[in-house]
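J.: Dropping a structure here in structure tokens format, bear with me for questions.
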Amino acid sequence: MSDAFCSDCKKQTEVVFDHSAGDTVCSECGLVLESHSIDETSEWRTFANESGDNDPNRVGGPSNPLLTDGGLSTVIAKPNGSGGEFLSSSLGRWQNRGSNPDRALILAFKTIATMSDRLGLVATIKDRANEIYKRVEDQKSSRGRNQDALLAACLYIACRQEDKPRTVKEICSVANGATKKEIGRAKEYIVKQLGLENGQSVEMGTIHAGDFMRRFCSNLGMNNQAVKAAQEAVQKSEEFDIRRSPISIAAAVIYIITQLSDDKKPLKDISLATGVAEGTIRNSYKDLYPHVSKIIPNWYAKEEDLKNLCSP
């Protein structure tokens, strides 16, 4: 209850709000001071067929500008009950006659969304991957190609362009059976097609070893101090001409940092967490070893500790 001025009582009185009718009523004389008020609070009720469904959604999903109808078309679901077969057959036939031209796009977007969720990617990367796929699909030249590899490659390129790169192995793990070679070919094909569309090369973004560091360290369960030291070491390593891939450098730096800490990680665990072969990590460590004193932060390890590192 709250106070408001009543024109009949000629004074401030307590008023009662009738939520069902939307009326504001004076508690002393019963005069309706305001009627049909708009309730701007959330409408916590469900419109699902199942009574046990407590989903409080009151509207559908957002519109999708990549689809012809904006993703706002109606789909007739199969009803429950004894008459379900008749309704499903008759209404289903009418729905199939007016088939959605974007059905293939919708399925592709769902696959990209599933892969994004499994990798824990943000919505902006998923939307960028959808946009890339739509641009490739509009050229009508992807027929006959491996669809799973094509979608995985779109996601890989989107991660690169959004400065949140993922390794090909990580993408491959959620690509529904597509191999690294197939994803690589699909990536080259997409880059070529988008280049022909724009008349210029596609900007993919530069990969740095530091882009992978926090995620790899998290996979290994390293403490905050070790993670900070690894990130600083990776940044300093870019000052030297180490001709290794950023992922290999990141794995080698993690190996060095863990060997200098009390919680040493075996090479096998680092290989599993980073997706880099043990032999590749050893070779990268061999290239980093001469620069260890300049790469590792002074606050993390002293010269005596660095001398105790095993020589490659």
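J.: Give me the accessible area per residue for the range 172-312, probe 1.4 Å, as a whole number in Å².
T.: That works out to 57 Å² for each residue.
J.: Shifting gears a bit: How far apart, in nm, are two points set 7 Å out from the Cα along the Cα-to-Cβ line at Leu33 and at Arg103?
T.: About 5.9 nm, to one decimal.
J.: Figure the gain on full extension for Ser63 and Thr206 (residue separation times 0.36 nm, minus the Cα-Cα span) and round it to one decimal in nm.
T.: Taking Ser63 through Thr206 to full extension adds about 48.2 nm, to one decimal.
J.: Near the amide H of Ser37, under 5 Å away, which other amide H atoms are found, from residues 5 or more places off or on another chain, if H is placed in the peptide plane?
T.: Amide H neighbours of Ser37, under 5 Å, 5+ apart: Asp23.
J.: Ok, one more. Per-residue HN-Hα couplings for the range 183-196, Karplus 6.51 cos²θ - 1.76 cosθ + 1.60 at θ = phi - 60°, whole Hz, x for Gly and Pro?
T.: 5, x, 5, 5, 5, 4, 5, 5, 4, 5, 5, 5, x, 5
J.: Now, a different point. Might you work out the accessible area of Glu170 for me, using a 1.4 Å probe with all protein chains in place, and round it to the nearest 10 Å²?
T.: Near enough 40 Å² of accessible area.
J.: Output wanted: per-residue J couplings in Hz (rounded whole) for the range 246-253, from phi through Karplus 6.51 cos²θ - 1.76 cosθ + 1.60, θ = phi - 60°, x for Gly and Pro.
T.: So the Karplus estimates, Gly and Pro as x, are x, 5, 5, 5, 4, 5, 5, 5 Hz.
J.: Now, a different point. Calculate the dipole size of the range 181-312 relative to its Cα centre from +1 charges on Lys and Arg beta carbons and -1 charges on Asp and Glu beta carbons; express the result in debye to the nearest 20.
T.: Dipole magnitude for the range 181-312 comes out near 260 debye.
J.: Let's see if you can work this out: charge +1 on each Lys and Arg Cβ, -1 on each Asp and Glu Cβ, no other charges. What is the dipole magnitude of the range 186-237 about its Cα centre, in debye to the nearest 20?
T.: For this selection, approximately 240 debye.
J.: Under a straight-distance cross-link criterion of Cα-Cα below 18 Å, which aspartates and glutamates are reachable from Lys294, leaving out those fewer than 8 residues away in the same chain?
T.: Straight-line reach from Lys294, under 18 Å: Glu232, Glu238, Glu239, Asp241, Glu303, Glu304, Asp305.
J.: Compute the relative contact order of the range 223-312 as a whole-number percentage, counting only Cα pairs closer than 8 Å that sit 6 or more residues apart in sequence.
T.: Relative contact order here is 37 percent.
J.: If you take the charge dipole of the range 134-257 about its Cα centre, with +1 on Lys and Arg Cβ and -1 on Asp and Glu Cβ, which of Gly210, Asn146, Met222 is farthest toward its positive end?
T.: Asn146
J.: Tell me, what ³J(HN,Hα) does each residue in the range 226-239 have, in order and in whole Hz, if you take phi through Karplus 6.51 cos²θ - 1.76 cosθ + 1.60 with θ = phi - 60° and put x for Gly and Pro?
T.: Coupling constants for the range 226-239: 5, 5, 4, 5, 5, 5, 5, 5, 5, 5, 5, 5, 6, 6 Hz.
The values are calculated or read from the model by the stated rules, or taken from the named source; none is laboratory data. All figures in this text were calculated on a predicted structure; none of them were measured in a lab. Methodologically, a virtual Cβ is constructed for each residue, glycine included, from the backbone with ideal geometry; neighbour enumeration extends over all protein chains shown. Side chains are part of the model used for accessible areas, which takes the heavy atoms of the whole protein and leaves out ligands, DNA and RNA. Shrake-Rupley method; radii C 1.70, N 1.55, O 1.52, S 1.80 Å.
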